[in-house]
1. Give me a count of the residues in segment 1-38 that are in contact with a strand residue (DSSP E or B) (Cβ under 7 Å, 6 or more places away or on another chain), part of a helix (DSSP H, G or I) and hydrophobic (A, V, I, L, M, F, W, C).
2. Can Phe241 be described as surrounded by 17 or more Cβ atoms within 10 Å (Cβ to Cβ), modelled with pLDDT of 95 or more and farther than 24 Å from Thr123 by Cα?
3. Please go through (1) at positive phi; (2) touching a residue at least 12 places away in the same chain (Cβ under 8 Å) for Gly221 and return the number of the only condition it doesn't satisfy.
4. Please determine whether any residue of segment 261-278 is outside any helix (DSSP H, G or I) and closer than 24 Å to His173 by Cβ.
5. Criterion first (over 27 Å from Leu152 (Cα atoms) and surrounded by fewer than 21 Cβ atoms within 10 Å (Cβ to Cβ)) does Asp257 satisfy it?
6. I'm told Val133 meets every condition in (1) within 26 Å of Leu277 (Cα to Cα); (2) surrounded by fewer than 21 Cβ atoms within 10 Å (Cβ to Cβ); (3) of a type in the set (A, V, I, L, M, F, W, C); (4) modelled with pLDDT of 95 or more except one. Can you identify the failing condition by its number?
7. Scanning for something surrounded by 21 or more Cβ atoms within 10 Å (Cβ to Cβ), within 26 Å of Leu152 (Cβ to Cβ) and among the aliphatic types (A, V, I, L, M), does segment 88-95 turn up at least one residue?
8. So Arg140 fits all but one of (1) touching a Pro at 6+ places or on another chain (Cβ under 6 Å); (2) in contact (Cβ under 8 Å) with a residue 40 or more places away in the chain; (3) not assigned by TED's automatic domain parsing to the domain that holds Lys42; what number is the exception?
Amino acid sequence: MSRIAYVNGQFMTHDFAATHIEDRATQFGDGVYEVLAVVKGKLIDSELHFDRLNRSLRELEIEMASSRATLRLILREVVRLNRVTEGLCYLQVSRGTAPRNHTFPNKPSYSLIVTARRSQPATGKIGIEGVHVITTADQRWQRRDIKSVSLLPNVLAKQKAAEAGAFEAWLIHNDGIITEGSHSNAWIVGDSGTVITHPESIDILSGVTRNRVLRVARSDGVEVVERGFTAAEAKQAQEAFLTSTSSFVVPVTHIDDTVIGDGRPGPVTKRLRALYLRTIS
């Protein structure tokens, strides 16, 4: 069966789905996106994703013509048409099509793209066995809290990780603090079992999965501290893990060439992963 995409009011086969050559997302990275998990055919935390989408749009002064209710129906229909029961749904909004000019168009429109694909983050090998991450310089723009489609620094960091045989790259700010990963939030577990992650700020994207893990951890009595940490501290941690919509909660067993703990997923990470999966199932 051919995949189906939604592009600016039309459902069409994936092979023929396209936007205009002068769409501002293509020429300027002038747009935002969200990725939603699909579990048992249902969109997970859709309202939180819509909240973040609206915030990103406000920050970039992009008007969204579709209501939240309409958007919800479009996403559900794309998921249904693609028969995705476990997977991901991608949503992109740009400032639309206009003759190429750095300033905003006088009569801005907007462009909406939605796709869906199958994946198995809940049962994937990485969530059980853990992954390696590398560290590299954070070279992104200063507004990482906006989920911009302009992802070239993230792509370069992820490629560097792949070439090193690692799953992810954790990004180090010029003050020495690890902000987050190229497409995930970064966490460590200290000697006392305290879970540590970077606080919300313009230096990180406020991950929807991150925020759910914070809630379930605190509800279960796990001590959580939102503060920065260095690569040196991370390498001395008892445990480390990452969170994202596409992979949920994933243990980190190695950072660069350093083994974390005993090199296996730790008890706090496994507990939080189990709690997270329970809340979305």
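1. 1
2. Against the criterion (surrounded by 17 or more Cβ atoms within 10 Å (Cβ to Cβ), modelled with pLDDT of 95 or more and farther than 24 Å from Thr123 by Cα), Phe241 does not qualify.
3. (2)
4. To start, the set of residues in segment 261-278 that are outside any helix (DSSP H, G or I) comprises 261-266.
Applying the additional criterion that residues be closer than 24 Å to His173 by Cβ yields none.
Checking segment 261-278: not a single residue is outside any helix (DSSP H, G or I) and closer than 24 Å to His173 by Cβ.
5. On the way: over 27 Å from Leu152 (Cα atoms): no; surrounded by fewer than 21 Cβ atoms within 10 Å (Cβ to Cβ): yes.
The answer is no for Asp257.
6. With respect to (1) within 26 Å of Leu277 (Cα to Cα); (2) surrounded by fewer than 21 Cβ atoms within 10 Å (Cβ to Cβ); (3) of a type in the set (A, V, I, L, M, F, W, C); (4) modelled with pLDDT of 95 or more, Val133 is out only on (2).
7. Yes, segment 88-95 has at least one match.
8. (2) is the only condition that Arg140 fails.
The values are calculated or read from the model by the stated rules, or taken from the named source; none is laboratory data. Computed from a predicted model, the values in this text were never measured in an experiment. Every residue, glycine among them, receives a Cβ derived from its backbone with ideal geometry; neighbour counts consider all protein chains shown.
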